[in-house]
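Trainee: Please read through the structure below; I'll follow up with questions.
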Amino acid sequence: MELLLQTLLNGLLMAGVYALVATGLALSLGVVGIVNFAHGEFLMLGAFLSYLLFAFRGLDPLFALGLAFLAAFLVGALTYWGLIRPVLKAPELNQMLLTFGLSILLQNLALLLFGADTRVVAPPYQAATLALGPFFLGAVPLGAFLLSLALLLSLQLFLTRSRLGLAVRAVAQNRLAPGLLGIEAEGVYLLAFGLAAALAGVAGVMLSVMLYASPSVGFLFTLKSFAIVALAGLGNLKGVVPAALVLALAEALVSTYLPGGGGLVEAVFFLVLFLALVGRAWRGA
Amino acid sequence: MRGILGLLLLFALLPFLPLGAWGAFLLDVGLFILLFTALALSWDLVARTGQLSLAHGAFFGLGAYGAGLMVPHLGTLPALLLGSLLAGAGALLLGSVTLRLHGLYFAIASLAFSEVLRTMALKLPFTGGPIGLPVPPPFGGGWPLASYYLAFAVLLLAVALSLWAERSSFRLAQAATRQSEAVARVLGVRVVRVKLLSLLLGSLVAGLAGGVYAMKALFLNPYEAFSLGRAVEALVIPIFGGLYSTLGPLLGGVVLVGLEQALRLWIQEGYLVVYGALLILAILFLPRGLLGLLGGRRG
């Protein structure tokens, strides 16, 4: 019983980061209408930024969080402006191919620059745990969970309370009407794409401590995020958090209870994705 | 048409051209051009219905492992056939669930499909796992040119399929499906069936190419056989050469695979940077590929 609760607790903590990354993906899909295969690469950027700052400047990853947010926002905005904007009206196939090409380019650029090794950022508090009755919570996963929650809440507030946030939602609902009301769709797209990248960048810093930084770490999270987004319904922001919870709990249960489960965790996201698709096909969506 | 025949003739005669010391190296390069061009044509066949397949690396790997496991028991040709059928079965499984949905679900699921197959090749007890699987050469190794001409046969099949799809009424069904599924339905095109048939044909060719690759490489490991890089090659070649045509992927294959084999002499890992960059540049600036540059007619 205690093992089960501990497993569920670990899954819950992981769900925060998953939701953060997948929300970014859902934002670029729902608002800009772009399937961004390079979403995880913004995460990789944050992870390597955190690693480089830690290894060469001795800077605590806590400082890297803010820097990664800004850097990923900038890279995301530039990506939108230089690459996405020209293909906004192109066929969907071309859009997907473009972001896929960007993903391949960035992954292999990182491979050329840093090699395939995994690098962990190890600040002094990396292994600290808090005891909660009979259960143990890692300080870093707990911090990452709380920060993810705070970021998601502020995004929610931004989208529902601020004028700019309302503009973002208006553009997501209708491509044409907001223009008639004086909302610049281009600016909104830029903001949404930058924000999506920034969320992934922050998640990358967290993962550089919890997991590792490597050229392929982003791609892994692209796949998991797609599974979450497909489960939530494409571009549906509200469904992302419960879907992330389902995936994270399923992964935690598999890795605890299945023999040799460590290697099978990767198949869980596929199973979730596959079941979500089958369900959708049966309902005839 | 003359371009296609010329290129095919060149490949048929390549082993007999007086190339001197470079002969053996060029023959190897030629073989890889044949295989990956066939893979590219099989990807293009699926792309003509507007579907982005990222699973062609997986079909290739299924064919490679299927053939590699069966060769010692069944002989060369039946093993190739079985590998190809295995890839086809994978395609039917993937396609029957995803092809009814909006196109981007297929792209995402095909990507996940290939990731999971690699994990399975690593974990299953009979694949040799991460250590790999040794494969005997075709026909017991008796004829040195066998793998080259098997590869040539695979390309011939791919070209024939592509030409058939280009010249029959199937082309209209594919084009209608690509441009607007709703309109295609109204016109009486059975959209799901067209997409599934295209995917099945594409996967069969990709599986054959994988099988011949296994017999040429003599050794398979999951990272090579199921690499995402294979899917990247399969899609960059037609886009660079010219989408929805037969000559385009042929041209693209000769240029890109030749370039890749040359680049590999200098760079071991990360040569895919070139493919990523080419993909972005081609989408932004050369949407009709090399064919468009040469002023070719669009199919």
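Trainee: Name every residue in segment A:101-119 that is facing another protein chain (nearest Cβ under 7 Å) and either open to solvent by less than 30 Å² (accessible area, probe 1.4 Å) or touching a Cys at 6+ places or on another chain (Cβ under 7 Å) (or both), in order of residue number.
Mentor: Within segment A:101-119, A:GLY101, A:LEU102, A:ILE104, A:ASN108 qualify.
Trainee: Still on this model: So A:LEU43 fits all but one of (1) open to solvent by 50 Å² or more (accessible area, probe 1.4 Å); (2) modelled with pLDDT of 95 or more; (3) not small (Gly, Ala, Ser); what number is the exception?
Mentor: A:LEU43 satisfies all of (1) open to solvent by 50 Å² or more (accessible area, probe 1.4 Å); (2) modelled with pLDDT of 95 or more; (3) not small (Gly, Ala, Ser) except (1).
Trainee: Given the criteria within 14 Å of another protein chain (Cβ to nearest Cβ) and open to solvent by less than 10 Å² (accessible area, probe 1.4 Å), does B:LEU35 qualify? Walk me through how you get there before you give the answer.
Mentor: Working: within 14 Å of another protein chain (Cβ to nearest Cβ): no; open to solvent by less than 10 Å² (accessible area, probe 1.4 Å): yes.
Here the answer is no, as B:LEU35 does not meet what is asked.
Trainee: Out of the helices (runs of 4 or more DSSP H) lying entirely within segment B:154-223, which hold 3 or more residues that are at negative phi and of a type outside the set (A, V, I, L, M)? Explain how you work it out, then say what you get.
Mentor: Numbers: elements: B:170-179, B:181-186, B:191-217.
Ranges flagged: B:170-179, B:191-217.
Trainee: While we're on this one: Return a yes/no flag: does segment A:126-143 have any residue that is open to solvent by 20 Å² or more (accessible area, probe 1.4 Å), at pLDDT 95 or above and closer than 21 Å to A:ALA203 by Cβ.
Mentor: no
Trainee: Being in contact with an Asp or Glu (Cβ under 7 Å, 6 or more places away or on another chain), more than 30 Å from A:GLY58 (Cα to Cα) and more than 9 Å from every other protein chain (Cβ to nearest Cβ) is the requirement here; does A:VAL268 meet it?
Mentor: On the way: in contact with an Asp or Glu (Cβ under 7 Å, 6 or more places away or on another chain): yes; more than 30 Å from A:GLY58 (Cα to Cα): yes; more than 9 Å from every other protein chain (Cβ to nearest Cβ): yes.
So A:VAL268 fits the description; yes.
Trainee: Here are A:PHE63, A:PHE69, A:PHE56: which of them is assigned to a helix (DSSP H, G or I), touching a residue at least 24 places away in the same chain (Cβ under 8 Å) and more than 7 Å from every other protein chain (Cβ to nearest Cβ)? Reasoning before the result, please.
Mentor: On the way: A:PHE63 fails: touching a residue at least 24 places away in the same chain (Cβ under 8 Å); A:PHE56 fails: touching a residue at least 24 places away in the same chain (Cβ under 8 Å).
The unique qualifying residue is A:PHE69.
Trainee: Does segment A:256-265 contain any residue that is at the interface with chain B (Cβ under 7 Å from one of its Cβ atoms), within 30 Å of A:LEU109 (Cβ to Cβ), open to solvent by less than 30 Å² (accessible area, probe 1.4 Å) and within 14 Å of the chain's Cα centre (by Cα)?
Mentor: Kept after step one, since they are at the interface with chain B (Cβ under 7 Å from one of its Cβ atoms), are these residues of segment A:256-265: A:263.
Still in the list and also within 30 Å of A:LEU109 (Cβ to Cβ): A:263.
If we keep only those that are open to solvent by less than 30 Å² (accessible area, probe 1.4 Å) too, we end up with A:263.
If we keep only those that are within 14 Å of the chain's Cα centre (by Cα) too, we end up with none.
Looking for residues that are at the interface with chain B (Cβ under 7 Å from one of its Cβ atoms), within 30 Å of A:LEU109 (Cβ to Cβ), open to solvent by less than 30 Å² (accessible area, probe 1.4 Å) and within 14 Å of the chain's Cα centre (by Cα), one finds none in segment A:256-265, hence no.
Trainee: Under the condition of being charged (D, E, K, R) and under 24 Å from the mean Cα position of the chain (by Cα), which residue from segment B:97-150 is nearest to A:VAL268 (Cα to Cα)? If you could, list the steps in order and put the result at the bottom.
Mentor: At the first step, the residues of segment B:97-150 found to be charged (D, E, K, R) are B:100, B:115, B:118, B:123.
In the following step, the residues that additionally are under 24 Å from the mean Cα position of the chain (by Cα) were identified as B:100, B:115, B:118.
Details: B:ARG100: 23, B:GLU115: 11, B:ARG118: 14 Å.
In this case the residue turns out to be B:GLU115.
Trainee: A further question on this structure: Hey, which of the helices (runs of 4 or more DSSP H) in segment B:5-99, taking only ones fully inside, have at least 3 residues that are at pLDDT 90 or above, more than 14 Å from B:LEU155 (Cβ to Cβ) and not hydrophobic (A, V, I, L, M, F, W, C)?
Mentor: Working: elements: B:23-47, B:56-74, B:76-98.
So the answer is B:56-74, B:76-98.
Trainee: Give the residues of segment A:198-223 that are open to solvent by 20 Å² or more (accessible area, probe 1.4 Å) and either in a helix (DSSP H, G or I) or within 17 Å of A:LEU151 (Cα to Cα) (or both), sorted by residue number. Lay out the reasoning, then the answer.
Mentor: Initially, segment A:198-223 is screened for residues open to solvent by 20 Å² or more (accessible area, probe 1.4 Å), giving A:210-212, A:216, A:220.
Of everything in segment A:198-223, those that are open to solvent by 20 Å² or more (accessible area, probe 1.4 Å) and either in a helix (DSSP H, G or I) or within 17 Å of A:LEU151 (Cα to Cα) (or both) turn out to be A:MET210, A:LEU220.
Trainee: Would you call A:LEU195 at pLDDT 95 or above, open to solvent by 10 Å² or more (accessible area, probe 1.4 Å) and closer than 25 Å to A:LEU105 by Cβ? I'd like the intermediate steps shown before the answer.
Mentor: Working: at pLDDT 95 or above: yes; open to solvent by 10 Å² or more (accessible area, probe 1.4 Å): yes; closer than 25 Å to A:LEU105 by Cβ: yes.
In short, yes.
Trainee: Could you tell me which residue of segment B:99-154 is nearest to B:GLY210 (Cα to Cα), considering only residues that are surrounded by 23 or more Cβ atoms within 10 Å (Cβ to Cβ) and among the polar types (S, T, N, Q)?
Mentor: B:SER147
The values are calculated or read from the model by the stated rules, or taken from the named source; none is laboratory data. Every value quoted in this text rests on a predicted model; they were computed, and no experiment measured them. No Cβ is skipped: glycine too gets one built from the backbone with ideal geometry, and neighbour counts run over all protein chains shown. Each accessible area value is taken on the protein alone, full model and side chains, heavy atoms only, with ligands, DNA and RNA left out. Shrake-Rupley method; radii C 1.70, N 1.55, O 1.52, S 1.80 Å.
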